[in-house]
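In what follows, a single structure is set out as structure tokens and then discussed.
The values are calculated or read from the model by the stated rules, or taken from the named source; none is laboratory data. What you see is a predicted model, and the numbers here were worked out from it, not measured in a lab. Glycine gets a Cβ as well: all are built from the backbone with ideal geometry, and neighbour counts include every protein chain shown.
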Amino acid sequence: MTDVADVTETRPRPPEGDWLGTPYLRFERHGVFAHVVVDRPKARNALTGAMYWGIRYAVQHVERDPDLAGLLITGTGDVFIPGGDLSQRGVDNWMDFSQLLMDVTPFDTLRQASKPVVCAVNGLCQGGGLMIAMCSDLAVVSERATFRVPELLRGISDTYYSQMLFRTIGPVRTRDLMLTGRTLTAAEALDWGMVARLAPHEQLLDQATEALAMICRTAPGARGDIKRSIDAQLGLYDRIAMRESVQSDEAREGYLAFKERRSPSWVHPDLRTAGRL
């Protein structure tokens, strides 16, 4: 497949609609499912800052679209996602790595998504790509996929990684993986509990889509409770409760009360004050 950068617009622009803010991510609609395809073969699918942001935006875009039930993330060729583009080659320059802090990366957004997200890991998966796979609801991986955490080889102390891996595969295997930078096969990653399912390469998209459909058939509210419970057991922040709170009747009333310069209706009449709280 040709590098889509060859046909990109001359002026980069942030995400809008199905445009993910970068020519290296494709947002495709397949019935009730959206696909985000990482397509940057000339750089082996390395993510720019805008690509990280685009994946985060895609999760939120699917959440807002009533016609879409879930999201599938995959790569092209023999690479899923190898992590960030450390060369920072000047592309996608509306969002550079200096702006790419945890507040704008896709990891927490993936973890708290109310609509299911499944990764179809088609090949090399490391760095931020492995974190994306681990933070999604399910990772279905090709038998050809490989996994690696090379951050320490780059001088990066990724403590989010160490916490997630520690709680997922245990301290001994976390030290082995992170301190050596070794490569795991798909079978080893499945055995270690880093990924959920292994699929023949030719059947990867079909099996990932079926897994996504199975999750979509479960009750959204109950599913959110289970995700919250799992995060609590992992010792992770309860971002799901905050997102639900922001969308609640109380939040709407709080916003209206602020706008109308009054006390919210939950305040007892005898305790209300003049003006907004």
Would you check which residues across segment 133-168 are under 20 Å from the mean Cα position of the chain (by Cα), hydrophobic (A, V, I, L, M, F, W, C) and assigned to a helix (DSSP H, G or I) and list them? ALA133, MET134, CYS135, MET164, LEU165, PHE166
Scope segment 264-276; condition out of contact with any Ser or Thr (no Cβ under 6 Å at 6 or more places or on another chain) and not β-branched (Val, Ile, Thr); matching residues: PRO264, SER265, TRP266, HIS268, PRO269, ASP270, LEU271, ALA274, GLY275, ARG276
Of ARG40, ARG44, ARG56, ARG26, the only residue that is at positive phi, touching a residue at least 12 places away in the same chain (Cβ under 8 Å) and charged (D, E, K, R) is ARG44
Only one of these is of a type in the set (A, V, I, L, M, F, W, C) and over 18 Å from GLY75 (Cα atoms): LEU152, LEU124. Name it. LEU152
Residue tally, condition under 19 Å from LEU71 (Cβ atoms) and surrounded by fewer than 14 Cβ atoms within 10 Å (Cβ to Cβ), over segment 194-209: 1
Kindly evaluate ALA219 against the criterion of being modelled with pLDDT of 95 or more and crowded, with 17+ Cβ neighbours inside 10 Å. no
Do any residues in segment 125-151 that are more than 17 Å from ALA208 (Cα to Cα) and free of Cβ contacts under 8 Å to residues at least 60 places away in the same chain have Cβ atoms under 6 Å from those of residues that are small (Gly, Ala, Ser) and outside any helix (DSSP H, G or I), where the two are at least six apart or on different chains, and which pairs are they? GLN126/GLY83; GLY127/GLY83
Within segment 143-165, the residues that are β-branched (Val, Ile, Thr) and buried (at least 18 other Cβ atoms within 10 Å of the Cβ) are THR146, VAL149
Within segment 175-190, residues surrounded by fewer than 13 Cβ atoms within 10 Å (Cβ to Cβ) and either of a type in the set (Asp, Glu) or without any contact (Cβ under 8 Å) to a residue 24 or more places away in the chain (or both) come out as THR180
